[in-house]
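Only one structure is covered here, and it is reproduced in the block below.
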Amino acid sequence: MCGIVGYVGHRQAMPILINGLKRLEYRGYDSAGIALMSETGLTVAKESGKIARLEQALADMECDCTHGMAHTRWATHGEPSQLNAHPHTDSDHEIALVHNGIIENYRALREFLGRQGFIFRTETDTEVLVHLIRFHYKDNLTDAVRAALTQVDGTYGIAVVSSRHPRVIVAARMGSPLVLGRGDGENFVASDVSAMLEHTNKVVYLTDGEIATVTSEGFDVTTIQNVKIDRPIEEVSWTLDQIEKEGYDHFMLKEIHEQSRTLPNAFRGRLNWDEGIPRLGGLNMQIDELRRIKRIIITACGTSWHASLIGEYQIEELARVPVEVEYASEFRYRSPIIDENTLLFAISQSGETADTLAAMREAKHRGATVLGLVNVVGSTIARESDGGVYIHAGPEIGVASTKAFTHQVMVVSLIATLLGRMRHLSVQQGQEIIDAIQKIPDQVQEILEAEEQVKQIADEYYKANNFLYLGRGINFPTALEGALKLKEISYIHAEGYPAAEMKHGPIALIDKSMPVVVIALQDPVYDKVMSNIAEVRARKGKVIAIATEGDTEIAERVNHVIYIPKTNRLLTPLLSIIPLQLLAYHIAVMRGCHVDQPRNLAKSVTVE
Ligand code: AGP
């Protein structure tokens, strides 16, 4: 996620801004930049990579600057590069802007400004904003920013400086947090308090639709419609560590909870409800090319492989195209049968997993069209694929993948619906799926609010040595993912199995010390799953069921039941995985495990 720091006061700005950026590194970024204001005008420096590279670029710079701003970029539009890094400036190099968020109508604005003669140097959505401010500028920077933002659709947290106003920072917020800090003869702007806490704990949080004019003497806050806002100064009591995790004990728990806020990013701007069809421009494939696809292979590792399995169920049911899911590490060494009608999806949060990258290259070498479903913009898999869809989960810091999984499943759901609508799904069927997709974030939040119940279950079973996870159909992969979550952070041996398969061996493991998590939703195989539950209970196994809201029958037949809201059957993994993420997390914490960095694990396995 991008980070913003701004300062205007009586001290040298550069060290304050650079150290502020370092406090925001935990948010994840791929490039960094700074804008410094001095009597001689505006100086901008920016580098791809880490903040240390920016510091090197600044090492020889003489600058008596007590006013400026800095930015760390998490790329959403435009690859990570020095050119695309923020700040972005207008053509006269008088105005500089940093931005966190996504300008959804940036293409239309770019065309509008192009017709006014503006020249663009980068492929970012952000650059459009600085030229739009320039277009509206007359003699007041705040008025120009306000006028520009009335034309913007999307999310933003921005800070703007201009050499014509050497003691002013203009900040505005819509969907991306911004906070103002009050100092003694100095004031601050930042994406979150951690960037300014060493200087002040007196803050004012901007809310959506507000704009602030910040000087060394203070700040004036109004709405975009220029209605004055008087908001009291708050005092922050959190420690830095608490702030980086937004008050959660671990990044993993923060990322589990933020799914209800981030999941809209996976489908925002990608749903055409009138035609009941997702819009996925990044696939770079024409409709007739997609229609010609006779076979799909999905290759991935770990959690991403589980998301791939869910995609298999969805695509085969909605589009009737054969799908094979392959472990990337296996696929790359087989001699796969591939032709020009084969479409290969590589799913990867990091976009750098060595096995997945190798499998993708092998498929490409054999003539397949290769698409990447990736979280990290500009990562190797994203760059080497023929097209793809970014999952927009934001940085995932916890090694155990949580929000990346649900975002991958969300994007695969969009792809399956798109392929289905190209073949035989009706508009109404497409609209039903889209309606269900749009309800998912709120339903995830509803499940998260039952966390205390999951914690109580964790407290009863955290000393177990083995767990079994069972599911059928599209929730068999969810069972696999639930088992992986538990084993990788709590070090408890856990296995996921198709529920019916339990009879072919694993049932020998069942006894009173074996907790069995069963995904038992009201779907066509519900009765079969209930039979499996009875088999477990007959052998004294303890059953923790994930069930559909309103199913009162199951409560009498299991030891614990965690309910999830009703949704389209093909979307249920998006909801049934949430309690399993929470269960794994709380069991690991109760066992004293290092949840965010489990032993032996890396966030991205870039070696074979
Ligand atoms: C999942 O919690 C693990 N972190 C791991 O299985 C991960 O999913 C796997 O290494 C694939 O990583 P990728 O999605 O970045 O390719």
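The values are calculated or read from the model by the stated rules, or taken from the named source; none is laboratory data. Quick caveat: nothing in here was measured; it's all calculated off a predicted structure. For neighbour counting, all protein chains shown are included, and Cβ atoms are generated from backbone atoms with ideal geometry for every residue, glycine included.
Within region 398-447, can you find the residues that are within 30 Å of residue 584 (Cα to Cα) and outside any helix (DSSP H, G or I)?
398, 399, 400, 401, 402
Quick one: which residue in 595, 543 is crowded, with 17+ Cβ neighbours inside 10 Å, more than 16 Å from the ligand (Cβ to nearest atom) and not polar (S, T, N, Q)?
Values: 595 fails: more than 16 Å from the ligand (Cβ to nearest atom).
Checking each option against the conditions leaves just 543.
Could you grab me the full set of residues in region 43-69 that are at pLDDT 85 or above and among the acidic types (Asp, Glu)?
The answer is 47, 55, 60, 64.
If the requirement is being in contact with a strand residue (DSSP E or B) (Cβ under 8 Å, 6 or more places away or on another chain), at pLDDT below 95 and polar (S, T, N, Q), which of these qualifies: 40, 72? Lay out the reasoning, then the answer.
Values: 40 fails: in contact with a strand residue (DSSP E or B) (Cβ under 8 Å, 6 or more places away or on another chain).
That would be 72, the only listed residue that is in contact with a strand residue (DSSP E or B) (Cβ under 8 Å, 6 or more places away or on another chain), at pLDDT below 95 and polar (S, T, N, Q).
Name the single residue, out of those in region 329-361 being among the polar types (S, T, N, Q) and buried (at least 19 other Cβ atoms within 10 Å of the Cβ), that is farthest from the ligand (Cβ to nearest atom).
Taking region 329-361 first, the residues among the polar types (S, T, N, Q) are 329, 335, 341-342, 348-350, 353, 356.
Still in the list and also buried (at least 19 other Cβ atoms within 10 Å of the Cβ): 342, 348-350, 353, 356.
Details: 342: 21, 348: 3, 349: 4, 350: 3, 353: 3, 356: 5 Å.
Only one residue tops the list, namely 342.
Answer with yes or no whether residue 227 is farther than 30 Å from residue 446 by Cα and either surrounded by fewer than 23 Cβ atoms within 10 Å (Cβ to Cβ) or among the polar types (S, T, N, Q) (or both). Spell out how you get there, then give the answer.
Working: farther than 30 Å from residue 446 by Cα: yes; either surrounded by fewer than 23 Cβ atoms within 10 Å (Cβ to Cβ) or among the polar types (S, T, N, Q) (or both): yes.
Yes.
Please determine, by comparing only the residues of region 367-423 that are among the basic types (Lys, Arg) and surrounded by fewer than 24 Cβ atoms within 10 Å (Cβ to Cβ), which one is nearest to the ligand (Cβ to nearest atom). Before you say what the answer is, go through the steps one by one.
Narrowing region 367-423 to residues among the basic types (Lys, Arg): 383, 403, 421, 423.
Going one step further and asking which of them are surrounded by fewer than 24 Cβ atoms within 10 Å (Cβ to Cβ), we end up with 383, 421, 423.
On the way: 383: 15, 421: 27, 423: 29 Å.
Here the residue is 383.
Find the residue count for region 564-588, including only residues that are crowded, with 20+ Cβ neighbours inside 10 Å, more than 16 Å from the ligand (Cβ to nearest atom) and closer than 26 Å to residue 542 by Cβ.
6
Do we have any residue at all in region 223-242 that's touching a helix residue (DSSP H, G or I) at 6+ places or on another chain (Cβ under 6 Å) and under 25 Å from residue 394 (Cα atoms)? Before the answer, list the steps.
Filtering region 223-242 down to residues touching a helix residue (DSSP H, G or I) at 6+ places or on another chain (Cβ under 6 Å) leaves 224, 236, 240.
Of the ones still in play, those that are also under 25 Å from residue 394 (Cα atoms) are 240.
The answer is yes, given that some residue of region 223-242 is touching a helix residue (DSSP H, G or I) at 6+ places or on another chain (Cβ under 6 Å) and under 25 Å from residue 394 (Cα atoms).
So is residue 315 over 28 Å from residue 3 (Cβ atoms), more than 16 Å from the ligand (Cβ to nearest atom) and at pLDDT 95 or above or not?
Working: over 28 Å from residue 3 (Cβ atoms): yes; more than 16 Å from the ligand (Cβ to nearest atom): yes; at pLDDT 95 or above: yes.
The answer is yes for residue 315.
Only one of these conditions is not met by residue 480: (1) modelled with pLDDT under 95; (2) within 16 Å of the ligand (Cβ to nearest atom); (3) of a type in the set (A, V, I, L, M, F, W, C). Which number is it?
Evaluating residue 480 over (1) modelled with pLDDT under 95; (2) within 16 Å of the ligand (Cβ to nearest atom); (3) of a type in the set (A, V, I, L, M, F, W, C) leaves (1) as the failure.
Can you list the strands (runs of 3 or more DSSP E) lying wholly within region 100-192 that have 1 or more residues being farther than 21 Å from residue 68 by Cα? Reasoning before the result, please.
Details: elements: 156-162, 165-174, 179-182, 187-190.
In region 100-192, 165-174 are the strands (runs of 3 or more DSSP E) which contain 1 or more residues that are farther than 21 Å from residue 68 by Cα.
Suppose the filter is touching a residue at least 12 places away in the same chain (Cβ under 8 Å) and in contact with a Leu (Cβ under 6 Å, 6 or more places away or on another chain); does residue 529 pass it?
no
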